[in-house]
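Enquirer: One structure is given below, represented as structure tokens, and several questions about it will come after.
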Amino acid sequence: MQFVTGTNAMMQRTSGLTGWAASARAGCVYALSVFAIGFVFGAIRVLLIAPRLGNVAAVSLETPFMLAVSWKMSRWAARKNGLLTDTNGALLMGAIAFAALMFMEFCTAVLCFDRTASEYFAGFLSASGAIGFAAQLCFAGFPFLQANSNRLASS
């Protein structure tokens, strides 16, 4: 067993915190940016598309655009925080982003749209809710997929 003392120990502790902090910052920025863009797309979907085509068709039309936005925002947030090839950091970034996105959506549903927690969670059991949840799982996995791809390409 090797003990690290002095300046090296401080640098190791600092770098560990920096890695977590970078992942947390990237995850929060990623989630917030995708949530904001999704809020606009969601308003268009609910107000203009769903009344004409139905909820499942509207969500099915919106999903590819949201996945494209998520892919771009994931790469941008990872690059800004030095996680383009860090698979562990990117995995944490995706988990934090997913938790933050779900929290923001839950709060919006309950506080802005007067839904109960039960109604919010029951929404995932509908066809449109399942499509949206599958897209959110993709959203969570994008940082890791990109970092792994970048890491393999650079080696």
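Enquirer: Please give the number of the condition residue 153 fails out of (1) under 16 Å from the mean Cα position of the chain (by Cα); (2) at pLDDT below 95; (3) among the small types (Gly, Ala, Ser).
Expert: Against the list (1) under 16 Å from the mean Cα position of the chain (by Cα); (2) at pLDDT below 95; (3) among the small types (Gly, Ala, Ser), residue 153 comes up short only on (1).
Enquirer: Restricting to segment 107-128, name every residue that is aliphatic (A, V, I, L, M) and more than 20 Å from residue 54 (Cβ to Cβ). Please lay out each step first, then the result.
Expert: If we filter segment 107-128 for residues that are aliphatic (A, V, I, L, M), which is where we start, we get 109-111, 117, 122, 125, 127.
Scanning segment 107-128 gives 109, 110, 111, 117.
Enquirer: Would you confirm whether or not segment 97-115 contains a residue that is more than 20 Å from residue 33 (Cβ to Cβ), more than 15 Å from the chain's Cα centre (by Cα), outside any helix (DSSP H, G or I) and in contact (Cβ under 8 Å) with a residue 60 or more places away in the chain? Give the steps one after another, and end with the answer.
Expert: If we filter segment 97-115 for residues that are more than 20 Å from residue 33 (Cβ to Cβ), which is where we start, we get 110-111, 113-115.
Cutting the leftovers down to more than 15 Å from the chain's Cα centre (by Cα) gives us 110-111, 113-115.
Next, from what is left, pick out any that are outside any helix (DSSP H, G or I): 113-115.
If we keep only those that are in contact (Cβ under 8 Å) with a residue 60 or more places away in the chain as well, we get none.
Looking for residues that are more than 20 Å from residue 33 (Cβ to Cβ), more than 15 Å from the chain's Cα centre (by Cα), outside any helix (DSSP H, G or I) and in contact (Cβ under 8 Å) with a residue 60 or more places away in the chain, one finds none in segment 97-115, hence no.
Enquirer: Give me the pairs: first residue in segment 45-62 and modelled with pLDDT of 95 or more, second residue surrounded by fewer than 15 Cβ atoms within 10 Å (Cβ to Cβ) and among the charged types (D, E, K, R), beta-carbon distance under 9 Å, and six or more apart or on different chains, which are they?
Expert: Here the result reads 58/52, each pair linking segment 45-62 to a residue that is surrounded by fewer than 15 Cβ atoms within 10 Å (Cβ to Cβ) and among the charged types (D, E, K, R).
Condition check ((1) closer than 22 Å to residue 20 by Cα; (2) in a loop (DSSP other than H, G, I, E, B)) across all residues:
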position	(1), (2)
63	no, no
70	yes, no
85	yes, yes
90	yes, no
132	no, no
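Enquirer: Counting only residues that are modelled with pLDDT of 95 or more, within 27 Å of residue 84 (Cβ to Cβ) and among the small types (Gly, Ala, Ser), which one in segment 120-150 is surrounded by the fewest Cβ atoms within 10 Å (Cβ to Cβ)?
Expert: Once the filter is applied, the top-ranked residue is 134.
Enquirer: Checking the structure you have, find out if any residue of segment 1-20 is modelled with pLDDT of 95 or more, part of a helix (DSSP H, G or I), of a type in the set (A, V, I, L, M) and loosely packed, with under 13 Cβ neighbours inside 10 Å. Can you show your working first?
Expert: Initial filter on segment 1-20 (modelled with pLDDT of 95 or more): none.
Looking for residues that are modelled with pLDDT of 95 or more, part of a helix (DSSP H, G or I), of a type in the set (A, V, I, L, M) and loosely packed, with under 13 Cβ neighbours inside 10 Å, one finds none in segment 1-20, hence no.
The values are calculated or read from the model by the stated rules, or taken from the named source; none is laboratory data. Since the structure is predicted, the reported quantities are computational estimates derived from the model, not experimental observations. Positions of Cβ are backbone-derived with ideal geometry, glycine not excepted, and every protein chain shown enters the neighbour counts.
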